[in-house]
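Rule-based calculations on the coordinates, nothing more; no lab input. Given the structure is predicted, the values throughout are model-derived calculations rather than measurements. Note that we place each Cβ from the backbone using ideal geometry, even for glycine, and neighbour counts take in every protein chain shown.
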Amino acid sequence: MRGAAPLPPSPELIGLYIVDLAAPQNKAPALSVSSIERRLSGLSWGYTQRGFDLDRKNRHIATVLAGIRRKHARPAVQKEAILPEDIRTMLATLPHDLRGLRDRAILLIGFAGGLRRSEIVSLDHGKDDTPDSGGWVQVLEGGALLTLHGKTGWREVEIGRGSSDQTCPVHALTQWLHFARIDFGPIFVAVSRNGLKATSERLSDKHVVRLIKRCVEDAGMHPELSKAERLLLYSGHSLRAGLASSAEVDERYV
């Protein structure tokens, strides 16, 4: 747009480009630091595909980006932890149908296992059921054993049975598997339009976020806040944060 040659990559030109993204000279909206970093990653990838190398540590890029971070970066928003009493309130808003069984299992397994939203939806019924599997579940007499492949590699997560069926994650999971007739492939899948049948389509991790926000709203949590403020407090990480906040162990083990 400015008449500069895009190839070969020029650190000076890239530096000017990201400055313009942070403080555009025209009427375009300024991009956030995370959006600028994604643009920069996209440029690096694009150059690599064309046989070029973009040195992001070059002072014309690194120094400019550091300055943008100092001036424009917004502080990270600390998401609200979902505690045991919150989970009970949220569960009470779910219907007693197939979707309700699935969403109840998602909330309880996610909380009891301290799982990331991507780990929840990537679970399969058995090992190597699907190419995109992120782990599998074994339901045992004393609880459930989850074998997960997350950000830090493979790990096992044990989930014990609860004191009552209403809040037991293992009971919720087995109920969903039974009534959805799932014995192979993804565990958490979409439900047909009429709500009577589970499909084979794996849920997106965005479903976990939408589910949490919907239950928070339906449960009327934080009534002193506006709807927008209330929903901004919670994310998929709230389940994981809730377990860490309520775990009765030394903090270094959480």
Checklist entry - In the range 173-208, which trypsin sites (Lys or Arg not before Pro) are in a loop and have at most 13 other Cβ atoms within 10 Å, using DSSP for the loop call? => result R181, R193, K197
Checklist entry - What translational D, rounded to a whole number of µm²/s, comes out for the chain from Stokes-Einstein when the hydrodynamic radius is the Kirkwood one over Cα pairs, at 20 °C and 1.002 mPa s? => result 101 µm²/s
Checklist entry - By count of other Cβ within 10 Å, fewest leading, how are Y47, Y17 ordered? => result Y47, Y17
Checklist entry - Got a sec? Which residues in the range 34-61 would a label at E12 touch, if it sits 7 Å along Cα→Cβ and we count backbone N under 15 Å? => result 59-61
Next on the checklist: How large is the direction-averaged shadow of the alpha-carbon convex hull of the range 128-189, in nm²?
Outcome noted: 4.8 nm²
Item to check | Most mobile of R39, R210, R99 in a GNM of the chain (Cα contacts under 10 Å) | outcome: R39
Next on the checklist: Neighbour counts of other C-beta atoms within 10 Å: give me M221, M90, M1 arranged from fewest to most.
Outcome noted: M1, M221, M90
Next on the checklist: To test your reading of the geometry: what angle, between 0 and 90 degrees and rounded to tens, separates the Cα axis of helix 11-22 from the longest principal axis of the chain?
Outcome noted: 60 degrees
Item to check | Distance (nanometres) between label positions extended 7 Å along Cα→Cβ at E201 and H96 | outcome: 2.9 nm
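Compute the FRET efficiency between A23 and T130 as 1/(1 + (r/R0)^6), taking r as their Cβ-Cβ distance and R0 = 30 Å, and round to the nearest 0.05. Please list the in-between numbers first.
Details: r = 46 Å, r/R0 = 1.52.
E between A23 and T130, to the nearest 0.05, is 0.05.
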Checklist outcome for this item: Ranked from fewest to most other Cβ atoms within 10 Å of their own Cβ, D20, D132 fall in the order D132, D20
Next on the checklist: Just to confirm my numbers, what's the Cα centroid distance between the range 12-59 and the range 142-206 in Å?
Outcome noted: 41 Å
Checklist entry - When the label point is put 7 Å from the Cα of Q166 along its Cα-to-beta-carbon vector, which residues of the range 107-132 have a backbone N closer than 17 Å? => result 108
